[in-house]
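Read the figures in this text as sums done on the coordinates, not as results from a lab. Remember, predicted model here, so these are calculated numbers, not experimental data. Ideal geometry is used to build each Cβ from the backbone, glycine not excepted, and the neighbour counts take in all protein chains shown.
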Amino acid sequence: MHDEARPEVGAHAAEPGSRPLPAWSLPKDQAERIALPMEWPERVDREWAWGGSTGEGVRVCILDSGVEPTHPLVGGLESAVTIAVDEDGETLVTEDDVGDLSGHGTACAGIVRAVAPGCSLSSVRVLGQGFKGTGNILLAGLRHAVDEGFDLINMSLSTTKKPFAAILHELADSAYFRRTVLVASAHNMPVESYPWKFSSVISVGSHEEEDPLAFFYNPNPPVEFFARGVGVEVPWLGGRSSVVSGNSFATPHVTGICALILAKHPELTPFQLKNVLYLTATNVGGGQ
Amino acid sequence: MTDDGELRAAVASGVVGSTESFQELLGAIVHVARSIFGAKASSILLLDEEAGELVFEAVVGEGEESLLGTRFPADHGIAGWVLATRTPLVIEDVEQDPRHARDVAEGTGYVPKGIMAAPLLTEDAALGVLSVLDRPEQSLFSLQEMELLGLFANQAAIAVDLLQRARHAERILQDEGDLAVVARLAAAVNALEDERREAGLRLLRALAATLGDAGG
């Protein structure tokens with residue numbers, strides 16, 4: 001991010017070459033080693049959080065139906081791969097020359113690009129390999145994206161398949177500890193679905209306002225934030241555009257805002273990032 | 001479904017014969033959906049998992065006659081996305097999208113401009129997609145409508161689930177599976193009247209008791 005290397009997990013304020021801290025405890029004489037390097041203002045507001053930021057240097061992954069790379073509102077991709085799972089359960093990752101099969105991924109990419117024009121976008125396509133095995137491909141795609149070390153993964157999709165819930169949960173947690181933030185669409189139908197319900201991800205539902213930077217903290221989770229999700233103009237297939245609604249499109253708004261924040265404050269952990277989101281939400285003090 | 005469950009379903013279906021009623025229910029759902037949203041058309045697409053295709057199971061409005069029974073790949077287009085991701089979605093000007101037009105409007109001459117689509121979900125499966133095409137252009141889409149669409153989709157999912165169970169049972173009745181004979185017996189005895197029915201039931205009870213003894 002920016003020009004500096006991304007901090008390693010647990011590397012805050014550690015002396016170069018010094019022994020890592022024990023993972024589960026903090027000896028008395030070690031407390032100063034985890035002093036946080038950044039100064040937090042008395043009041044966190046949007047100016048502090050992302051003022052002047054374009055998201056530059058932040059790597060965002062769109063886990064979806066693919067992204068049309070040549071669309072002017074997408075503005076190019078860092079990488080695009082497609083995921084398949086063979087008969088032995090092995091994941092196959094290949095360069096994607098198909099683009100987008102439904103328009104959905106392109107729309108999500110365009111929203112992130114509009115909010116954070118400087119960020120880097122990549123596509124991991126997990127749809128369009130036939131209907132069978134979509135759950136396994138989704139898991140394999142997410143695992144690949146986490147392994148790639150993206151800063152943010154936009155997941156405007158969910159699965160209702162219970163057998164996948166435990167593995168998804170594990171993946172979401174491992175992403176959280178590796179500083180990859182999953183931003184996931186909440187389901188707006190009364191069904192159990194994943195991964196948005198896991199507390200290690202940022203879950204997003206829709207509001208009806210037009211401001212792309214208006215987002216609300218929800219004091220009644222599991223949905224944590226509401227962002228713009230109704231009547232959103234987005235890029236669509238064939239270089240065209242469309243007007244769309246749904247939580248799918250609220251999610252990339254939050255992904256874009258996270259990219260702005262992380263570009264300005266690359267040291268933030270997912271926990272801290274969620275706090276900044278909370279403090280700068282439209283219905284919380286810093287949102288003014 | 002367990003063997004026992006299959007048998008029960010087959011017997012129930014043999015007695016009730018309900019496939020048509022569930023199909024009518026699906027038809028009624030798309031009718032109400034179209035009229036509540038003031039839309040030009042509404043349809044229910046069912047997933048044929050074996051073939052990897054979506055099939056038009058109920059259609060009302062534009063394309064009503066030509067679309068019923070037609071199929072397209074389940075992993076393509078907007079319906080495919082909704083199905084695979086189990087997520088509802090509203091798009092207000094699909095007309096511009098040539099690929100979507102090819103998928104859904106092939107052979108009908110009708111290319112929808114707007115589509116609202118929601119997955120038909122049971123506890124852990126996506127059975128198909130409910131779609132509502134071309135709401136009135138002047139009305140702005142609201143979250144309330146999205147919720148309403150979800151409610152319709154839930155109702156449709158229950159109807160589809162029942163329809164699929166009934167079809168499954170029907171297949172068992174039609175000589176598929178070892179236990180078809182039991183379902184046919186149930187249907188036959190149920191069709192008898194008065195003394196013959198009583199005699200038939202006595203016979204079945206005796207058979208059940210004998211088999212019970214044999215089974216230990």
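Exposed loop sites, defined as trypsin sites (Lys or Arg not before Pro) outside DSSP H, G, I, E and B with at most 16 other Cβ atoms within 10 Å, are absent from the longest region of chain A, namely A:179-288. Within the listed set A:GLU56, A:GLU90, A:GLU68, the residue fluctuating most in the Gaussian network model of chain A (springs between alpha-carbon atoms under 10 angstrom) is A:GLU90. The local environment of B:LEU46, defined by Cβ-Cβ distances under 14 Å, has a net charge of -3 under the rule Lys, Arg +1 and Asp, Glu -1. Rounded to whole numbers, the Karplus 3J(HN,Hα) couplings from phi for segment A:52-60 are x, 8, 10, x, 4, x, 8, 9, 10 Hz, using 6.51 cos²θ - 1.76 cosθ + 1.60 with θ = phi - 60°, and x at Gly and Pro.
Footprinting exposure proxy ranking of A:SER242, A:SER248, fewest other C-beta atoms within 10 angstrom first, gives A:SER242, A:SER248.
Taking GluC sites (Glu not before Pro) across segment B:46-92, the ones in a DSSP loop with at most 13 further Cβ atoms lying within 10 angstrom of their Cβ are B:GLU49, B:GLU50.
Exposure proxy ranking for A:THR269, A:THR160, A:THR255, based on other Cβ atoms within 10 angstrom of each Cβ and starting from the fewest, stands as A:THR269, A:THR160, A:THR255.
Of the residues A:MET155, B:MET146, the one with the fewest other Cβ atoms within 10 Å heads the list, and the complete ranking is B:MET146, A:MET155. Rg over Rh for chain A works out to 0.97, using Cα positions for both radii and the Kirkwood form for Rh. Restricting the GluC sites (Glu not before Pro) of segment A:108-216 to loop positions (DSSP other than H, G, I, E, B) with no more than 12 neighbouring Cβ atoms within 10 Å leaves A:GLU210. Within a straight-line Cα-Cα reach of under 29 Å, A:LYS197 can be paired with the following lysines, leaving aside sequence neighbours fewer than 8 residues apart in one chain: A:LYS132, A:LYS161, A:LYS162, A:LYS264, A:LYS274.
For segment A:37-119, the ratio of Cα radius of gyration to the globular rule of thumb 2.2 N^0.38 Å stands at 1.45.
Within chain A, the selection of entire DSSP H helices by a Cα span of 24 Å or greater along the long axis and an average Kyte-Doolittle value of at least -1.0 returns A:247-264.
Let me know the whole percent of all Cα-Cα pairs from segment B:19-167 that are separated by more than 25 Å. More than 25 Å apart: 18 percent of the Cα pairs in segment B:19-167. Here's how it looks for A:THR282: its modeled amide H is under 5 Å from those of A:PHE215, A:PHE216, A:TYR217, which are all 5 or more places away or on a different chain. Note on chain A: helix-only mean residue ellipticity at 222 nm, from DSSP H runs of 4+ residues weighted -39500 (n - 2.57) and normalised by residue number, equals -8000 deg cm²/dmol. 3J(HN,Hα) couplings calculated from phi for segment A:78-94 with the Karplus curve 6.51 cos²θ - 1.76 cosθ + 1.60 (θ = phi - 60°) are, in sequence order, 6, 7, 9, 10, 10, 10, 9, 10, 7, 4, 8, x, 7, 7, 10, 10, 10 Hz; Gly and Pro show x.
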